[in-house]
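Heads up: the structure comes next, in structure tokens.
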Amino acid sequence: MSAGPEGLSRAQYKAAVDHAIRERRTRKVLAGVGDDEAAFIARVRECVALAGQTPFHFARTDAVPEPWRMVFVDASGLQALGEHMGDQLLGKLPKIFAAAGCMVHVTWVPEADAELAARRDWEHAAATAAAVQTLLLAAQARGLGSYWCSARPLNGPRCLEFLGVPEDERYVGSVFLGTPLSPAREQSDGWSGKLRDKRSSPRAWCRFVTRKDR
């Protein structure tokens, strides 16, 4: 059997990828950057670069063909953003901001022409969502916790103004990244995604069609 990267066998490579997909989960409360902020930032940069390997169908511009746009905000930037947003930082967002090591704000660029928009914008949005999933899996593989957040204030004027996001870009979400809590603190302080334990079998949402079915 052919070898995978870094000397892994193909079976080991598959197992590592499968493990990252299965073990990734929402972690709304994190533990900051950990003991080494420079190493943390380096890992996040690797994740962002890997997200850029996501496939997309149509080039948006000659200079930047990818449909997605991302803004990286470190822990100090999150503190400043929170102060700028003021009372718009609602609900659990203050605690999420305080506990995360960074945030990656993700948008995509729609077509200006109405005819092109009707044919292509859904592909731009789908590709950008796929790029977020690539980012999440890359983070999981590097031992980082993640939370794909779509809270309305993060697509509001104060946040967009602070981040310098153009008005015509469309919001997909804000990915908070950081060091995971210990298992004990996960139990007491962590908030996980509500739907993880409600996932159904592929038989519930996928039909398999073969020649003998026709």
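Run the accessible area of the chain with a 1.4 Å probe and give the carbon-and-sulfur part as a rounded percent. Each step should come with its number before you reach the end.
On the way: 6830 of 12980 Å².
For the chain, the apolar C and S fraction of the accessible surface comes to 53 percent.
Restricting things to alpha carbons, tell me how big segment 141-214 is in terms of Rg and Dmax, in Å.
19.3, 57
Using each residue's phi in segment 185-198, evaluate 6.51 cos²θ - 1.76 cosθ + 1.60 at θ = phi - 60° and report the 3J(HN,Hα) Karplus result to the nearest Hz, with x for Gly and Pro.
Values, residue by residue: 6, 4, 5, 8, 10, x, 10, 9, x, 6, 9, 4, 7, 10 Hz.
Which value, in Å², gives the accessible area per residue of segment 17-159 when a 1.4 Å probe is used on the protein heavy atoms?
Heavy-atom accessible area per residue stands at 50 Å².
Scan [x] 1.00; [y] 0.97; [z] 0.93 for the value of Rg/Rh (Cα atoms, Kirkwood Rh) calculated from this model and give just the label.
[x]
Select from the chain the helices, each a whole stretch of DSSP H, whose alpha-carbon atoms run 24 Å or more along the helix axis and whose Kyte-Doolittle mean is at least -0.5; answer none if there are none.
Within the chain the helices that satisfy the rule are 114-141.
Using Cα-Cα distances under 8 Å and only pairs 6 or more residues apart, what relative contact order does the chain have, in percent?
The normalised contact order for the chain reaches 31 percent.
Using only the Cα atoms of segment 37-112, build the gyration tensor, take square roots of its eigenvalues as a ≥ b ≥ c, and label the shape rounded, prolate or oblate: rounded if a/c is under 1.5, else prolate if a/b is larger than b/c, else oblate. Don't skip to the answer; put the middle values down first.
Working: a/c = 2.96, a/b = 1.58, b/c = 1.87.
Oblate.
The values are calculated or read from the model by the stated rules, or taken from the named source; none is laboratory data. Bear in mind the structure is a predicted one, so any value in this text is a computation, not a measurement. For accessibility, only protein heavy atoms count, side chains too; no ligands or nucleic acids. Shrake-Rupley method; radii C 1.70, N 1.55, O 1.52, S 1.80 Å.
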